[in-house]
Amino acid sequence: MENRLIITKYSEQYYPPTPNNFTLFLRRSIFFQLIRFFILNYKIMKIVIKGHS
Amino acid sequence: MANIVVLGAGIAGHTAAAYLQKGLNKKEHKITVISPTPTYQWIPSNIWVGVGKMTPEEIKFDLRPLYKKWGIEFIQAKAQSFYPEGDEHINTGFVEVEYNNEENKGEKIKVAYDYLINATGPKLNFEATEGLIPGNGNIASVCTFGHASHAWELLQSKLDKMKNGEKQIFVIGTGHPTATCQGAAFEYILNVDFEIKKRGLEKQAQVIWITNEYELGDFGMGGAFIPKGGFISNTKLFAESYFVERNITWIKRAGVKKLDDHTIYYENLDGEYLEQPYDFAMLIPGFAGHGFKAYDKTGKDISDKLFAPNGLMKVDADYTPKPFEEWTIKDWPETYQNPSYHNIFAPGIAFAPPHSISKPMTSKNGTPIFASAPRTGMPSGIMGKVTADNIINWIKTGNATMIHKASMGRMGAACIVSAGYGMRKGTAATMTVSPVVPDWEKFPQWGRDIKTTMGEPGLAGHWLKWLMHYMFLYKAKGLPFWWMIPE
Ligand SMILES: Cc1cc2nc3c(=O)[nH]c(=O)nc-3n(C[C@H](O)[C@H](O)[C@H](O)COP(=O)(O)OP(=O)(O)OC[C@H]3O[C@@H](n4cnc5c(N)ncnc54)[C@H](O)[C@@H]3O)c2cc1C
């Protein structure tokens, strides 16, 4: 959030979305990330298996 | 007896060699691997060598004991010329190679083959950008473990300067107007930024991304659409958001032409010639073929039969020039077999793509400025395996039909973009796209299967990247049940 203050208004950097504190918390939470770890593994495996013919 | 020669022991070549030795009886058939160094390196982890989180020893190993165990002959040499029809003395195809080991350095020999796999990857074409010399002044690279190790030394000297209150400008990105491999540079800039912030030095640092991409997040694959937070958004937003969160600024649509010790000179799509000062630069060079030559039986130069103008090998792609609007996934190769000489294959970066994936753009002065097509590790490994499977089938059945296929227009790819190392504080974005080359016929709305395409930042991504480092090195080392680990 604080980045917005140092970014020049109307520059390219002024417009993209930035994560809020809750999103940042989820990205760092060991418990939440452990669950995501297994889900991401599953999603990657689906792609890997499809790629081999 | 079949005689198979593999050129290159990178992801594609080593994977092919591993499956060939597994699928063929080595008493009956001969497998030879030719590579200028006897080392296998897990290139994706160079990023961590470049920020001092791993040593080169942790990401590489000596292939010779493994090849001995596998019954593969290893020749430490560089391929130079191809004779697919043989010559007046030798009746089968052969390659002329130059030894690169201590004892016979510079000596040339001819290595005959029945089947040839050219998996020599890219030539890192630093020469194509004036002054882009890794190790020179303030210029670093992470393309090899040696380069990455130097990058870390240079980075440390800059961190020390910042500790002493000096301001430093870090410029990271692409170093040629048509460079590819943006993903690697993207990872490196995020890791450098992470290390700067970890030391509380962000006030002294300005971190800048410079890229030939039309928009951020293009990554040479025309960007991708990912579902997130109730929206389907382009990777442009994803990449920009990552940078804004970290206060990294960017210069896009930039074709870097020249560097001196403190300035990067570039042209943009508007045709402006601009300069960017820097104190530390890590710019990915252009990729090209190795400049191999090919000759027919009479000694006539037939290089254009084997190689595209960029020096990469021609395979079963459709190279007919056509406008961007007419590109389809059918242009992309499936078997990596050379159309003129069916016993020659080129998996991995060694094959010439039919065209880029991103739309080619030209500046007002006529300079092409856009990202070339990437071929990341996972597709390169899959291509290596498919090539080995087809050769094994050909040898065992005598049937030359290529039954195994792996087109970048059908296969997906997973890429974990590291953004900081640490089991508690680390982070990485897990990205998957399927297929790599967008298929606008099958997926008219988003170009790819939106259900399997994702981009998710978080600590879990770091765990995955870390796990993959050990998993893929385990596989490459041929440890028990290595073949159960997919490419
Ligand atoms: C810094 C960096 C980070 C990356 N990170 C990722 C990532 O996170 N995920 C991902 O999927 N991909 C990543 N990539 C891309 C990935 O490394 C490549 O896709 C992959 O290495 C390509 O495999 P290859 O076998 O075609 O080529 P290479 O791995 O380059 O292998 C080429 C081999 O050929 C040998 N060779 C060269 N010249 C000759 C010659 N004349 N004769 C014989 N042998 C020769 C070389 O020594 C080498 O052994 C990254 C790349 C870089 C540079």
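Values in this text are rule-based calculations from the coordinates and carry no lab data. Everything numeric in this text was worked out from a predicted model, so none of it was measured. Don't worry about glycine lacking a Cβ; one is built from the backbone with ideal geometry, like all the others, and counts go over all protein chains shown.
Data overview
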quantity: Span per principal axis, largest first, for the Cα atoms of the protein assembly as shown (Å); calculated: 73, 48, 47
quantity: Label-point separation, B:ASP304 to B:GLU166 (7 Å along Cα→Cβ), nm; calculated: 5.2 nm
quantity: Ascending count of other beta-carbon atoms within 10 Å, so fewest first, for B:THR335, A:THR18; calculated: A:THR18, B:THR335
quantity: Relative contact order for chain B, counting Cα pairs under 8 Å that sit 6 or more residues apart, in percent; calculated: 17 percent
quantity: Two-site FRET efficiency, B:ASP270 against B:ASP296, from Cβ-Cβ distance with R₀ of 51 Å, rounded to 0.05; calculated: 0.60
quantity: Rotationally averaged projected area of region B:333-415 (alpha carbon convex hull; nm²); calculated: 6.6 nm²
quantity: Chain B - share of DSSP beta bridges that are antiparallel (%, nearest 5); calculated: 55 percent
quantity: Sequence-separation-based contact order of region B:415-487, relative, with Cα cut under 8 Å and 6+ spacing, percent; calculated: 31 percent
quantity: Net charge of Cβ neighbours under 10 Å - reference B:ALA16; Lys, Arg +1; Asp, Glu -1; calculated: 0
quantity: Globularity ratio of chain B, using Cα Rg and 2.2 N^0.38 Å; calculated: 0.97
quantity: Separation between Cα centres of region B:190-224 and region B:403-453, rounded to whole Å; calculated: 20 Å
quantity: Number of partner chain Cβ atoms within 10 Å, mean per residue of A:33-46; calculated: 6
quantity: Estimated dipole of chain B in Debye, rounded to 20 [Cβ of Lys and Arg +1, of Asp and Glu -1, Cα centre]; calculated: 1340 debye
quantity: Nearest-20 debye value, region B:253-327 charge dipole, Cβ charges on Lys, Arg, Asp, Glu; calculated: 560 debye
quantity: Under 15 Å, Cβ to Cβ, from B:PRO84 - net charge with Lys/Arg +1 and Asp/Glu -1; calculated: -2
quantity: Helical segments meeting 20 Å axial Cα length and Kyte-Doolittle -0.5 threshold in chain B (DSSP H); calculated: B:182-198, B:377-397, B:459-476
quantity: Lys, Arg +1 and Asp, Glu -1 on Cβ, resulting dipole of the protein assembly as shown about Cα centre, debye, nearest 20; calculated: 1840 debye
quantity: Full-extension gain in nm, B:TYR474 to B:THR55, via 0.36 nm per residue minus C-alpha separation; calculated: 149.1 nm
quantity: Sequence of B:THR55, B:THR432 once ranked by neighbouring C-beta atoms within 10 Å, starting from the fewest; calculated: B:THR55, B:THR432
quantity: Neighbourhood net charge (13 Å Cβ-Cβ; Lys/Arg +1, Asp/Glu -1) for A:ILE47; calculated: +4
quantity: Those residues of region B:239-278 whose amide nitrogen sits under 20 Å from the label point placed on B:GLU153, 7 Å along Cα→Cβ; calculated: B:261-262
quantity: Helix-only CD estimate at 222 nm, as mean residue ellipticity for chain B, using -39500 (n - 2.57) per DSSP H run (n ≥ 4); calculated: -7500 deg cm²/dmol
quantity: Lys/Arg +1, Asp/Glu -1 at C-beta; chain B dipole; positive extreme among B:MET221, B:PRO353, B:PRO44; calculated: B:PRO44
quantity: Ranked list, fewest to most other Cβ atoms within 10 Å of each Cβ, for B:MET54, B:MET221; calculated: B:MET54, B:MET221
